[in-house]
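Since the structure comes first, as structure tokens, the remarks are kept for the end.
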Amino acid sequence: MLPLFALVALLAVTSPAQTDDDIVTVDSSIVLVNATILDKTGKTVGGLTEKQFKVFEDGVEQKIESFAAEETPFAAVILLDTSGSMEERVSLARSAAIKFLDGLRTDDNAAIYNFHSKVELVQDFSNSRDIVESIFDLKADGMTVLNDAVFKAAELLAARKEKRRAIIVLSDGADTISKKSQDKALKAANAAEATIYTIDMSSPEATLKDRAQNQSALKAFAEKTGGTFVSTPGGNGMRDAFKKIVEELGNQYTLAYSPKDAKKDGKFHTIEVTVSRPNLTIRTRKGYNAPKSQNPLR
């Protein structure tokens, strides 16, 4: 069996030109899958063995070439929505970011970006639990580029060495002027093998219709990458949500396989992971987009 470090997916990131055609692609010769396994109470399940797992691509069982179940460091990008619609809740989002950093372990790394009409760096990747003073100067202003922010986070994580990667989004979900579509952002996150966790920061005054529409985008980001959606939290709910996210990221199962019928067709290929032990919930990304051959004769 090949060692896991030899099976890390090769990632090619396009230059950050401002066009929706830009994509982050993954070399489909090796596919890396991070899976979160939960019991009935929602707690992470440890102690499972490789023999208990099966992985399928497009419904066809694949040979697991590498398996890891130990705690391992993760890299995360925290995205803070500071657009005008977040005026009353920027301080809450900032407090949430601080709570997430409090949960970092020695070898974990996190970066913080805020987004409004553009995406801006607040704090670069670090394992420090301290936060830069400038975060307290963030004000709500401008429009919302949620999709662009997720795409940017995916680009950053694609270049990281950590095998477990996450994007933490704190937003009311109302994208208004992104150059990237939600589909492009999702494809980029899946190519970077990043799990997206979304925290709903909707205003209590929002109508049910507006809240449902905005939440649908946040739910899609989480569901399609194997993450979770947390509805409008506060106080203990916020603290517990971030504690659980950190715990999940540190205790995932990492599987790698070479697709039996690897094609550079540019199409989406589904991934399904099953476990022989009953009554467990399995969360992982729904699939990936294979690279597209540049030579039409190939």
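The values are calculated or read from the model by the stated rules, or taken from the named source; none is laboratory data. These figures come from a predicted structure and were not determined experimentally. Note that each Cβ is placed from the backbone with ideal geometry, even for glycine, and that neighbours are counted across all protein chains shown.
Quick check on the stretch 127-141. Is at least one of its residues in a helix (DSSP H, G or I), surrounded by 14 or more Cβ atoms within 10 Å (Cβ to Cβ) and in contact (Cβ under 8 Å) with a residue 40 or more places away in the chain?
For the stretch 127-141, residues in a helix (DSSP H, G or I), surrounded by 14 or more Cβ atoms within 10 Å (Cβ to Cβ) and in contact (Cβ under 8 Å) with a residue 40 or more places away in the chain: present.
Residues that are more than 25 Å from R239 (Cα to Cα) and under 19 Å from the mean Cα position of the chain (by Cα) occur in the stretch 192-210; there is at least one.
Total residues in the stretch 98-126 satisfying the condition of being in a helix (DSSP H, G or I) and closer than 19 Å to A189 by Cβ: the figure is 1. Selection of the stretch 111-126 for residues being within 22 Å of E248 (Cβ to Cβ) and in contact with a Leu (Cβ under 6 Å, 6 or more places away or on another chain) yields only Y113. Selection of the stretch 29-54 for residues being farther than 22 Å from E162 by Cα, of a type outside the set (G, A, S) and under 21 Å from the mean Cα position of the chain (by Cα) yields L38, K43. Looking across the stretch 185-244, the residues that are surrounded by fewer than 19 Cβ atoms within 10 Å (Cβ to Cβ) and either β-branched (V, I, T) or not assigned by TED's automatic domain parsing to the domain that holds S95 (or both) come down to T207, T232.
The condition of being in contact (Cβ under 8 Å) with a residue 24 or more places away in the chain and part of a strand (DSSP E or B) does not hold for A154. Does T41 satisfy the condition of being part of a loop (DSSP other than H, G, I, E, B), modelled with pLDDT of 85 or more and farther than 17 Å from Y288 by Cα? It is true that T41 is part of a loop (DSSP other than H, G, I, E, B), modelled with pLDDT of 85 or more and farther than 17 Å from Y288 by Cα.
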